[in-house]
Amino acid sequence: MKSPVKSLELYSYFLIWTCSTIYSLFRLFEAQEDILQRNKESLPQLNDLKPGWGFTSRLKDVSDIEWSSWKYFIQTFWYHLIIQFTISEIIRILYCKLLKYWYIASTVIFIFLNMGVKQMLVIVVQPVFFLIVIYYGGKKLSIWIVSMILLLTYNSLKDVSFFWDFLDPNNANNEEVYLTLFSIAWIQLRCISYSLDYIENRENEQITRNSILNMFTYILYLPLLYTGPIVLYEEFEKSFTAKPEYLLTRLKRFIGDMILYLFYTFILDLLFHYIYFFAMQSDIEMVRQFPTFALCGGGLWMGLEFHLKYVISYGTTTAFARLDNIEPPPTPRCIARIHVYSHMWRYFDVGLYRFLVKYIYRPSYSAICENFRLPRVVYKLMASLLTFIFIFMWHGTVWHIFLWSLFNYCGITLEQFGKVVAKQKLYKSFKEKLLKTDAMEARFIAFLCSPLLALSAISNFYLFAGNDVGNLFFECFSDPASFNVIILITSLYCCCHVSMALEDVPSRTAKKIEKVL
């Protein structure tokens, strides 16, 4: 840990922040039970509350379709991933040149056996489009134009329920449809990564059979096909040339990882039996009945649930990827120790962060520098704007995603201006004459970051729960009681100190990440 404040003070911040989170979650549960008791007639209308585990004697919140789909994939098809790895390891030992062919064949077999021909068509259509662009000598701009067209088309078809009507007209298995939709988003990132790397390093104008093989091996790699995370093409390709760890070492790590993620899965599913905040959002008037502290607990629960499900889903699939000698990005850091927007992007979905930096932010920054004479911070903000435009389109061109992207960009902008101000002589004089010590500066920065952290949290609520819930949080905190403000800002202030102290403490699977955004 690093912090200029004394240990006792820092431990006090940690204790206050921890107690605040526990108390807000307790108030959430307490208020939830009271509201459901007072609205028994509305309980049957909460369709996302289903009978849960028998020993709990409680209903279970099943509203998170991402969680249920990812769990369905792992719990239903884990044996296929084991078979895929076993045969891969045999091929790696006996005749490694066949490994890429097996990766493609195993995925095609899996889709035909478990998903169907229509799902296969949906999955391969994007690589075919990108392959055509590469075949006819397309440049990087062509790749981005095709990407934007495909994104707009995908979002339009999704909004009119095309995929449900095409893939599952009888609504037999929503999880499989959602998995296919998730795969479309991840496949596009892999198509872009491969295509831009190929164009950057193109040696022949004519695309070769080996290039096609490399492309489909990367795009159709089964463990990461449906749930991510994104592994850049150059990192994926290293797995075929780097010397693998001993098999026993890989298996020991895999078993340890799977035991841990199974435990996390049990904890998250157990919590869904006691916290119904997501299911209750189908009745916004019921959510409006939560008092302020309980509502804060609801926001915290959404963030913690979002974090834990991504740790489990990313962690499980990347555990299989490590068996195949692929070094994936680290699992997300806990959102309860992140206090600024840039850290959320840098440390939560590290694979997506690396993709955005390599293919959008840096090229945009370089192009803007070459064509305009502006202050350096403006270059950064313009490159960030283009990055967030892609983020908005990739996550879905709907209003609540736009608001989430907009608030995130505004937060990044405020951070950049803060960094600029910190380098000015006036601030240095302010620090020297008034703040005087690094400890006082840390307290000053934590105080300034507290309202930014509140805005960051509310912006994420638009992503987690949509417009109505996001607007409700804004309404709740636009004119709160003074006592509530004091408690909230104090808690966020302590969170900022905890976050700054733990900034250099990585997640369990993390390596050093270059700081760009």
Please state which one of F417, F447, F392 is more than 28 Å from T490 (Cβ to Cβ), part of a helix (DSSP H, G or I) and modelled with pLDDT of 85 or more. F392
Go through segment 423-453 and report how many residues are under 34 Å from the mean Cα position of the chain (by Cα) and farther than 21 Å from L10 by Cα. 1
Is one or more of the residues making up segment 346-357 over 15 Å from the mean Cα position of the chain (by Cα), farther than 17 Å from W394 by Cβ and crowded, with 21+ Cβ neighbours inside 10 Å? no
Failed condition for Q37, given (1) more than 17 Å from F290 (Cβ to Cβ); (2) of a type in the set (S, T, N, Q); (3) free of Cβ contacts under 8 Å to residues at least 12 places away in the same chain, with all others met? (1)
Identify, from the list N47, N39, the residue that is modelled with pLDDT under 90 and surrounded by 16 or more Cβ atoms within 10 Å (Cβ to Cβ). N39
The correct count of residues that are open to solvent by less than 20 Å² (accessible area, probe 1.4 Å), touching a residue at least 60 places away in the same chain (Cβ under 8 Å) and over 19 Å from the mean Cα position of the chain (by Cα) in segment 215-236 is 7
Look through segment 62-95, keep the residues that are farther than 20 Å from P223 by Cα and out of contact with any Asp or Glu (no Cβ under 6 Å at 6 or more places or on another chain), and return whichever of them is surrounded by the most Cβ atoms within 10 Å (Cβ to Cβ). D64
Of the residues K71, K97, K60, K50, only one is assigned to a helix (DSSP H, G or I), closer than 28 Å to Y310 by Cβ and basic (K, R); which? K71
Collect the residues in segment 1-36 that are surrounded by 13 or more Cβ atoms within 10 Å (Cβ to Cβ), β-branched (V, I, T) and out of contact with any helix residue (DSSP H, G or I) (no Cβ under 8 Å at 6 or more places or on another chain), keeping them in residue-number order. T18
Taking segment 123-140 and keeping residues part of a helix (DSSP H, G or I), open to solvent by 20 Å² or more (accessible area, probe 1.4 Å) and not charged (D, E, K, R) leaves V124, V125, V128, F129, L131, I132, V133, Y135
Of the numbered conditions (1) free of Cβ contacts under 8 Å to residues at least 12 places away in the same chain; (2) open to solvent by less than 30 Å² (accessible area, probe 1.4 Å), L113 satisfies every one except a single condition; which is it? (2)
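The values are calculated or read from the model by the stated rules, or taken from the named source; none is laboratory data. Keep in mind it's a predicted model, so treat the numbers as computed, not measured. Glycine gets a Cβ as well: all are built from the backbone with ideal geometry, and neighbour counts include every protein chain shown. Just the protein is used for accessible areas: all its heavy atoms, side chains included, with ligands, DNA and RNA removed. Shrake-Rupley method; radii C 1.70, N 1.55, O 1.52, S 1.80 Å.
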